[in-house]
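First the structure, in the form of structure tokens, and then the observations on it.
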Amino acid sequence: MRLIKKNQDGKTFETSTPGFKILYRNKNSIAGDNAENPKELIYLITGIAEITVDNKIWKSKAPAEIKIPANTYHKIKALTNITFVLFEN
């Protein structure tokens with residue numbers, strides 16, 4: 001795995017499998033917050049997050065599966081420190 005991003009929000013690792021990433025996000029950080037995305041499948045591995053997809057908002061506790069259609073507004077707010085796996089198609 002290769003570290004591709006590290007900042008105050010957390011870390012993002014890229015794997016040798018195309019479209020597969022592992023993300024660590026710190027409490028109160030936000031991931032996504034855009035509508036320019038391929039189809040995404042997210043597995044929340046640890047923690048609790050507030051998920052927004054289009055105009056639907058809900059809390060999700062690990063373990064959880066989150067599906068995001070392509071070109072759809074989405075946001076993941078870490079309510080605790082979280083870890084998730086991201087598959088992009």
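What follows is calculated from the coordinates using simple rules that are stated; it is not laboratory data. Computed from a predicted structure; not experimentally measured. A quick note on method: Cβ atoms are made from the backbone with ideal geometry, for glycine too, and the neighbour counts reach across all protein chains shown.
What the table below lists for this structure:
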{"item": "Most to least packed among 43-56, 75-88 [average Cβ atoms within 10 Å]", "result": "75-88, 43-56"}
{"item": "Student exercise, the chain dipole from Lys, Arg, Asp, Glu Cβ charges, in Debye to nearest 20", "result": "300"}
{"item": "Sorted peptide list for 20-32, 4-16, criterion being average Cβ within 10 angstrom, highest first", "result": "20-32, 4-16"}
{"item": "Gain in span if fully extended, Lys5 to Phe87, counting 0.36 nm per residue against the direct Cα distance", "result": "27.8 nm"}
{"item": "In Å, descending, principal axis extents of the Cα set of the range 2-88", "result": "34, 26, 22"}
{"item": "Sequence-separation-based contact order of the chain, relative, with Cα cut under 8 Å and 6+ spacing, percent", "result": "35"}
{"item": "Contour excess over end-to-end distance, with Cα ends at Leu41 and Thr72 and 0.36 nm allotted per residue", "result": "9.9 nm"}
